[in-house]
Amino acid sequence: MTHPYTTRLSAPPSGAPHPLRRVIGLFAAILFLAAAAADARWERIPEAVALLDGAEPRAGALELDLPTVTQNGSSVPLTVRFPESRGENETVEALYIFAPGNPSPEVAEFSLTPALGNGELSTRIRLNQSQPVVALARTRSGDWLAGTREVRVTVSGCITANQDNDANAMQPRARASQRVRTGQLVDVRTLIRHPMETGLRERDDGTVVPERIIQSFEARRNGETILSARFHRAVSANPYLLFHVDPRTAGGTLELTWTEDTGESASATVEVPSAP
Amino acid sequence: MKHGAFNRRNALKLMGTGGLGLLFGGAAVRGSASSRSGRVVVVGGGFGGATAAKYLKRISPGLDVTLVEPAKRYYTCPFTNLYLGGLREFESLGHGYDELRDRYGVRVVHAMAKDIDVSGKKVVLEDGSELPWDRLVLSPGIDFRWGALEGYDEAASQKAPHAWKAGPQTHLLRRQLEAMEDGGTFILVAPENPYRCPPGPYERVSMIAHYMKTHKPRSKVLLLDAKDVFSKQGLFQQGWRDNYGDRIEWVGRSDDGRVMRVDADKLEVETEFGTIHKADVLNVVPPQKAGIIAERAGVTDETGWVPVDPATFRARRAEDIYVIGDATEAAPMPKSGFVANSQAKAVARAIAAELAGLDPIAEPGWANTCYSVIAPDYGITVANVYEVHDGELREVPGSGGVSPMEATPAFRSREAAYAEAWYAAIAQDTWGTRPA
Ligand SMILES: Cc1cc2nc3c(=O)[nH]c(=O)nc-3n(C[C@H](O)[C@H](O)[C@H](O)COP(=O)(O)OP(=O)(O)OC[C@H]3O[C@@H](n4cnc5c(N)ncnc54)[C@H](O)[C@@H]3O)c2cc1C
């Protein structure tokens, strides 16, 4: 599902046919070139360079859905879509998100199995300032894919005060869509109440609130992990994750576990409908 | 579409004969070569458009300025919440165009613009007639993305009103409130950013709570929000507690406040994690986009809003078309009537200077103040000044602020009085009409 206020690079211009259509087409082309050029941004992120270890990613292959302008850097919706795959070899097994303009560039890492049907992933992230968001993905055959998207932030995301009141912390929610249409993947939405303290926030008395984050998330089916995620402090408070599951191969009960950096954890289950 | 020369006969028929002298009389703008270089058409007679038309004539009386607006009387969204709360008469929110026409010499055409011929530089009206322009200003406000929220289309809004444009929708919501039994639940569904009037949903529930307190004391308000933070949040929540106890319940996105589906027949909504809420009166503020005429002009982008050059508010995707008000992507400026009025003045100056062959305004600036009335004697504000910095709009550092969290009742009461004064002043500045 596309978020109403986010844009897709490849989306056709909206509106009725118009004489300006061709000019708009030209604009889109220019935008696309600019985006492709900006893609090389991963070259300037040491963590990304280390990961690639000399490999050359296919620029622009990942589609990033993010608002062009956001007034609230503390919770910016992000969706990553993978290119159409011909066969399991081309599906993504690892995904890395970076925000190079943040105090530390790593945002999140995901490890994905074919049970997810190569479907999209959505979460919400913190952006400290206007910057490109960079995604890198590795397919099962070892190819690297990349995507970049520029976001303008008008209010920073790292200084926004969290509420000290975390009475509901560690309370999870999960839901899978129950309507299954032939050939379509099932949405699984997950959220856990958590302050995701960055370790950068100061109290009124000048003392620093220590870092406290949800560090990992796991979805298991029949004891086997089908998705695991590592969150860094740039994942927004109340970590949100939407992923897809292939109902033909992976229907049934999913066990979800969130683990804090303190070692404490919370869990929930969700029923994914099966499809023939 | 015809790209022919300007057709005088049509234009005369359209515009009436009153403004003949203005249209074809010699150039009045200092430095402009001919009268033909001074035709400005403004589409939309709301906060942005009416202000732009008036200030163009004030700055350059010789300009030929035509305002296109279907309504003979424009009703403001600002203070419709106070109408719902029983604090204002609806008619006091209506403003006509007599002063713009009679006092400032703006030609007012009451029609809907159907299309914009960009290369031929003409506005096409519903009846097929055309208005030629040298510069075009669009201030069409918003339209709704019907269907973007599952189950919420135009038909659904007849049962679960949005009341996010002033008029029949506002009356419908008021009638539903009046018909509601005491003990009923009012649900407001608030959208993601950006949308018209960031504090609007929170002022609305305040005024609904006031109505309940005075008429239906056992009733409750539930605000289901797609956001985790909102404008003046601390002040609103404090004001709700102070005035209405626990009557208003706000559920943010991370507490499952994001509505994914509306059933207008059953007055039910379903949230992201599957909770079903049943309302007695259901008010849905749907996702929005720029007024459709902006799409027709080809100036919107994939977001549905209009990107503009920050210094001039010229549309990035067209020559000689300026866009102001809610239709623009002008963050961090909010989509408010105050901002539309402020942008309109800057655009009027820019266009007048350009048509007169003068240099552009060196350092344009804009301002905003949003008053919200929580109870009859309880008002709060947020104010900011904006500038262009490194080619982008930003808040002037240290320029703004919100009402203090610790304030005396007298302070809150004064702010409520200032809100009334603000309304009278901006209506006067925009349409030149005296408050009713
Ligand atoms: C409940 C509520 C409360 C609000 N309270 C406040 C407040 O307290 N303070 C504040 O500053 N703002 C407030 N606002 C916001 C304010 O109403 C808008 O920001 C403002 O109206 C924007 O001005 P505009 O000129 O962009 O659009 P509008 O004022 O909506 O004007 C657009 C006009 O264009 C006309 N139009 C559209 N298409 C065409 C066409 N094709 N041809 C001809 N005419 C056309 C329409 O008829 C309309 O009259 C509130 C909004 C709401 C919903």
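The values are calculated or read from the model by the stated rules, or taken from the named source; none is laboratory data. Please read these numbers as outputs of a predicted model, since none were measured by experiment. Neighbour counts are summed over all protein chains in view; Cβ atoms, including those assigned to glycine, are modelled from backbone coordinates with ideal geometry.
Restrict the check to segment B:200-213 and report whether at least one residue is within 30 Å of A:E271 (Cβ to Cβ) and in contact with a Phe, Trp or Tyr (Cβ under 9 Å, 6 or more places away or on another chain). First the steps, then the outcome.
Here is the first cut: in segment B:200-213, the ones within 30 Å of A:E271 (Cβ to Cβ) are none.
No; the residues of segment B:200-213 include none that is within 30 Å of A:E271 (Cβ to Cβ) and in contact with a Phe, Trp or Tyr (Cβ under 9 Å, 6 or more places away or on another chain).
Find the strands (runs of 3 or more DSSP E) located wholly in segment B:338-398 whose residues include 2 or more that are more than 14 Å from chain A (Cβ to nearest Cβ) and within 11 Å of the ligand (Cβ to nearest atom), and list them. Let's see the steps before the verdict.
Numbers: elements: B:365-375, B:378-389, B:392-395.
Fully inside segment B:338-398 and qualifying: B:365-375, B:378-389.
Between B:Y202, B:Y244, which is aromatic (F, W, Y) and out of contact with any His (no Cβ under 8 Å at 6 or more places or on another chain)?
Working: B:Y244 fails: out of contact with any His (no Cβ under 8 Å at 6 or more places or on another chain).
When all the criteria are applied, what remains is B:Y202.
Residue under question is A:T259, and the condition is that it be part of a strand (DSSP E or B) and either more than 21 Å from the chain's Cα centre (by Cα) or closer than 30 Å to B:S231 by Cβ (or both); does it hold? Quick ask: steps written out before the conclusion?
Values: part of a strand (DSSP E or B): yes; either more than 21 Å from the chain's Cα centre (by Cα) or closer than 30 Å to B:S231 by Cβ (or both): no.
It is false that A:T259 is part of a strand (DSSP E or B) and either more than 21 Å from the chain's Cα centre (by Cα) or closer than 30 Å to B:S231 by Cβ (or both).
Give the residues of segment A:166-208 that are of a type in the set (A, V, I, L, M), free of Cβ contacts under 8 Å to residues at least 40 places away in the same chain and in a loop (DSSP other than H, G, I, E, B), sorted by residue number. Reasoning before the result, please.
Step one: list which residues in segment A:166-208 are of a type in the set (A, V, I, L, M), which gives A:167, A:169-170, A:174, A:176, A:180, A:185-186, A:188, A:191-192, A:196, A:200, A:208.
Of the ones still in play, those that are also free of Cβ contacts under 8 Å to residues at least 40 places away in the same chain are A:167, A:169, A:208.
The answer is A:A167, A:A169.
Go over the candidates B:L222, B:L235, B:L188 one by one and state the one that is within 14 Å of the ligand (Cβ to nearest atom), among the aliphatic types (A, V, I, L, M) and either outside any helix (DSSP H, G or I) or touching a residue at least 60 places away in the same chain (Cβ under 8 Å) (or both).
B:L188
Condition check: over 14 Å from the mean Cα position of the chain (by Cα), within 13 Å of chain A (Cβ to nearest Cβ) and part of a loop (DSSP other than H, G, I, E, B). Does B:A311 satisfy that? Even if it seems obvious, please write down each step before you answer.
Working: over 14 Å from the mean Cα position of the chain (by Cα): yes; within 13 Å of chain A (Cβ to nearest Cβ): no; part of a loop (DSSP other than H, G, I, E, B): yes.
Taking the combined requirement at face value, the residue does not satisfy it.
Just checking, which of B:R316, B:R296 is closer than 28 Å to B:G400 by Cβ and among the basic types (K, R)?
On the way: B:R296 fails: closer than 28 Å to B:G400 by Cβ.
The conditions single out B:R316.
Within segment A:205-244, restricting attention to residues that are within 14 Å of another protein chain (Cβ to nearest Cβ) and hydroxyl-bearing (S, T, Y), which residue is surrounded by the fewest Cβ atoms within 10 Å (Cβ to Cβ)?
Ranking the candidates gives A:Y240 first.
Take B:D242 and decide whether it is touching a residue at least 24 places away in the same chain (Cβ under 8 Å), surrounded by fewer than 22 Cβ atoms within 10 Å (Cβ to Cβ) and out of contact with any strand residue (DSSP E or B) (no Cβ under 6 Å at 6 or more places or on another chain). Steps first, please.
On the way: touching a residue at least 24 places away in the same chain (Cβ under 8 Å): yes; surrounded by fewer than 22 Cβ atoms within 10 Å (Cβ to Cβ): yes; out of contact with any strand residue (DSSP E or B) (no Cβ under 6 Å at 6 or more places or on another chain): yes.
So B:D242 fits the description; yes.
How many of the residues making up segment B:316-337 are touching a strand residue (DSSP E or B) at 6+ places or on another chain (Cβ under 8 Å) and more than 7 Å from the ligand (Cβ to nearest atom)? Lay out the reasoning, then the answer.
Quick first cut of segment B:316-337, residues touching a strand residue (DSSP E or B) at 6+ places or on another chain (Cβ under 8 Å) only: B:316-317, B:320-324, B:326-336.
Of the ones still in play, those that are also more than 7 Å from the ligand (Cβ to nearest atom) are B:316-317, B:320-323, B:328-334.
Looking only at that region, the number is 13.
Hey, can you tell me all the residues within segment A:112-155 that are among the β-branched types (V, I, T) and either at pLDDT 95 or above or buried (at least 21 other Cβ atoms within 10 Å of the Cβ) (or both)?
First, pick out the residues of segment A:112-155 that are among the β-branched types (V, I, T): A:113, A:123, A:125, A:133-134, A:139, A:148, A:151, A:153-155.
Listed by number, the residues that qualify are A:T113, A:T123, A:I125, A:V133, A:V134, A:T139, A:T148, A:V151, A:V153.
Looking at segment B:107-147, which of its residues are within 14 Å of the ligand (Cβ to nearest atom), in contact (Cβ under 8 Å) with a residue 60 or more places away in the chain and assigned to a loop (DSSP other than H, G, I, E, B)?
Across segment B:107-147, the qualifying residues are B:S129, B:W133, B:S139, B:P140, B:G141.
Hey, among A:E264, A:E218, A:E224, which residue is over 23 Å from the mean Cα position of the chain (by Cα), at pLDDT 95 or above and not polar (S, T, N, Q)?
Details: A:E218 fails: over 23 Å from the mean Cα position of the chain (by Cα); A:E224 fails: over 23 Å from the mean Cα position of the chain (by Cα).
Selected residue: A:E264, the only one of A:E264, A:E218, A:E224 that is over 23 Å from the mean Cα position of the chain (by Cα), at pLDDT 95 or above and not polar (S, T, N, Q).
Among the residues of segment B:311-322, is any among the polar types (S, T, N, Q), at pLDDT 95 or above and at negative phi?
So in segment B:311-322, the residues among the polar types (S, T, N, Q) come out as B:312.
With the extra rule that they be at pLDDT 95 or above, the set shrinks to none.
No: zero hits.
If we scan segment B:291-300, do we find a residue that is away from chain A (no Cβ under 11 Å) and assigned to a strand (DSSP E or B)?
Step one: of segment B:291-300, the residues away from chain A (no Cβ under 11 Å) are B:291.
Within this subset, residues satisfying the condition of being assigned to a strand (DSSP E or B) are none.
Within segment B:291-300 (the criterion being away from chain A (no Cβ under 11 Å) and assigned to a strand (DSSP E or B)), the answer is no, since none of the residues qualifies.
Out of B:G167, B:G183, B:G151, report the one residue that is outside the structural domain of B:E270 (by TED's automatic domain parsing) and at positive phi. First the steps, then the outcome.
Values: B:G167 fails: outside the structural domain of B:E270 (by TED's automatic domain parsing); B:G183 fails: outside the structural domain of B:E270 (by TED's automatic domain parsing).
After ruling out the rest, the residue left standing is B:G151.
Please work out which residue is nearest to B:S342 (Cα to Cα), limiting yourself to segment B:400-428 and to residues that are within 16 Å of the ligand (Cβ to nearest atom) and not in a helix (DSSP H, G or I).
First pass over segment B:400-428, keeping only residues within 16 Å of the ligand (Cβ to nearest atom): B:400, B:402-403, B:415-428.
Narrowing further to those that are not in a helix (DSSP H, G or I): B:400, B:402-403.
Details: B:G400: 16, B:V402: 19, B:S403: 22 Å.
Step by step, filter segment B:400-428, then rank; the result is B:G400.
Any residue that is within 14 Å of chain B (Cβ to nearest Cβ), outside any helix (DSSP H, G or I) and at pLDDT 90 or above - is there at least one of those in segment A:47-58?
no
Can you run down the residue pairs with Cβ atoms below 6 Å, 6 or more apart or on separate chains, where the first is in segment B:41-55 and more than 6 Å from the ligand (Cβ to nearest atom) and modelled with pLDDT of 95 or more and the partner is part of a helix (DSSP H, G or I) and of a type in the set (S, T, Y)?
Final answer for the pair search is B:A50/B:T430; B:T51/B:T430.
Return yes or no: is B:P161 within 14 Å of the ligand (Cβ to nearest atom) and not assigned by TED's automatic domain parsing to the domain that holds B:A52? Before the answer, list the steps.
Working: within 14 Å of the ligand (Cβ to nearest atom): yes; not assigned by TED's automatic domain parsing to the domain that holds B:A52: yes.
The answer is yes for B:P161.
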